[in-house]
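Beneath this line is the structure, given in structure tokens, with notes to follow.
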Amino acid sequence: MAEKMKAAFLTGKQKFEIREIDKPVPGDDEVLIIMKHVGICGADVEFFRDGEIGGWVLEEPSITGHEPSGVIAGFGKNVTGFEIGDAVVIEPGVPCWKCDYCKKGLYNICQSVVFCGVPGAPGAFREYMNAKADMVFKLPPGVSTLEGALVEPLAVGFHAAAQSDAKIGMSATILGSGCIGLMILFALKARGIHEVYMVDVIEKRLQKAKELGAAEVINASNTDVVDAINELTCGKGTDLVYEVTGTKEATLQTVALAKAGGTITMIGLSSYKDLPFDINGLICKELTVKTNFRYRNLYPVVIDSIQAGLVDLSKVVSDIYKFDDIQAAMEHNTFKRDEVIKAVIEF
């Protein structure tokens, strides 16, 4: 008889149900991981709130969660390099490794990628999960599984910095000071960029951004963002602009905020079909527009940066919830978002 474990199923809009299901057995090329910490992503919150995000629609009960960290509990016969008890993180997207994108190293845009936590690919809000061994990375001594649960969003931040070709001496504006905005701040500071301005409408997030090293913070609910950035930069704007919110208002501001010859990087997924853009301004300033989808080839770099002390993730986590309290955790993240910086489920 199969061993059992608990898993949290999103059964409909704003409704989680913890069920008992069979504990997985690792395949030949897989490791079995007992979950310790799993981060709650904005995408998880949107799935919970709306039952859909970015084209993925909840049509049947699903296990969400894609920011897992845990400990090796078993492995298949072909797996080497791991021992029982190793602390690890899982990169949640498994590409095909065969298509042109994968062969070029662009596996994050593989059209056949299986990404855990979206409908059809069970996620990490469960006690145990299998993962392909080549997408599992050890956490070194001194890096906790709590920090491990933030490796995935930090990889997004590092990828955004790489996409924009951020260099020492540049200036930057980040529109959105939630978890991903803060991860971009970390990535820019690790690259030697200190003139970073953070924008949001939630004061708690702005104060956290200031604590973590933003040069200045701007509350868009009571301040004209373009005027504020112009004042801070003598009317020039910043070399780099990152749009993390996915809102119409912030998207339209990006061109006005960017210095001539600068780069705009779009990160925030949006539910809008017709987001506006100032094409004339884009042309006249000769701006470059980049986009950012997840990350690639970055987990080892991100983990090394944490171990080296370049990034202090301990200051980002604001709320820790027990697994059995996942319904309350999601409700708090959804309806009290002004109180949350980053929430993590603890097993």
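Are any residues in segment 196-232 touching an Asp or Glu at 6+ places or on another chain (Cβ under 9 Å), among the small types (Gly, Ala, Ser) and in a loop (DSSP other than H, G, I, E, B), and if so, which ones?
Listed by number, the residues that qualify are 215, 220, 221.
Being closer than 24 Å to residue 333 by Cβ and either among the small types (Gly, Ala, Ser) or touching a Ser or Thr at 6+ places or on another chain (Cβ under 7 Å) (or both) is true for just one of 235, 181, 213. Which residue is that?
181
Exactly one of these conditions fails for residue 124: (1) assigned to a loop (DSSP other than H, G, I, E, B); (2) in contact with a strand residue (DSSP E or B) (Cβ under 7 Å, 6 or more places away or on another chain); (3) farther than 30 Å from residue 86 by Cα. Give me its number.
Residue 124 satisfies all of (1) assigned to a loop (DSSP other than H, G, I, E, B); (2) in contact with a strand residue (DSSP E or B) (Cβ under 7 Å, 6 or more places away or on another chain); (3) farther than 30 Å from residue 86 by Cα except (3).
From the residues in segment 144-178 that are in contact with a Ser or Thr (Cβ under 8 Å, 6 or more places away or on another chain) and in a strand (DSSP E or B), which one is farthest from residue 36 (Cα to Cα)?
Of everything passing the filter in segment 144-178, 171 is farthest from residue 36 (Cα to Cα).
Starting from residues that are of a type in the set (Ser, Thr, Tyr) and surrounded by 24 or more Cβ atoms within 10 Å (Cβ to Cβ), keep the ones in segment 167-190 and report whichever is farthest from residue 318 (Cα to Cα).
Step by step, filter segment 167-190, then rank; the result is 173.
Specify which of the listed residues (40, 90) is of a type in the set (Val, Ile, Thr), over 23 Å from residue 301 (Cβ atoms) and buried (at least 16 other Cβ atoms within 10 Å of the Cβ).
After applying the criteria, what remains is 40.
Kindly evaluate residue 258 against the criterion of being over 23 Å from the mean Cα position of the chain (by Cα), buried (at least 22 other Cβ atoms within 10 Å of the Cβ) and either acidic (Asp, Glu) or assigned by TED's automatic domain parsing to the domain that holds residue 165 (or both).
In short, yes.
So which residues in segment 1-21 are in contact with a helix residue (DSSP H, G or I) (Cβ under 8 Å, 6 or more places away or on another chain) and either surrounded by 14 or more Cβ atoms within 10 Å (Cβ to Cβ) or in a strand (DSSP E or B) (or both), if there are any at all?
Those that are in contact with a helix residue (DSSP H, G or I) (Cβ under 8 Å, 6 or more places away or on another chain) and either surrounded by 14 or more Cβ atoms within 10 Å (Cβ to Cβ) or in a strand (DSSP E or B) (or both): 6, 8, 10, 14, 15, 16, 18.
Being touching a strand residue (DSSP E or B) at 6+ places or on another chain (Cβ under 7 Å) and not β-branched (Val, Ile, Thr) is the filter here, so list the residues in segment 7-26 that pass it.
Once the filter is applied, which keeps residues that are touching a strand residue (DSSP E or B) at 6+ places or on another chain (Cβ under 7 Å) and not β-branched (Val, Ile, Thr), segment 7-26 yields 7, 8, 9, 10, 16, 17, 19, 20, 22, 23, 24, 26.
The values are calculated or read from the model by the stated rules, or taken from the named source; none is laboratory data. What you see is a predicted model; the values in this text were computed from it and never measured. We place every Cβ from the backbone using ideal geometry, glycine too, and count neighbours over all the protein chains shown.
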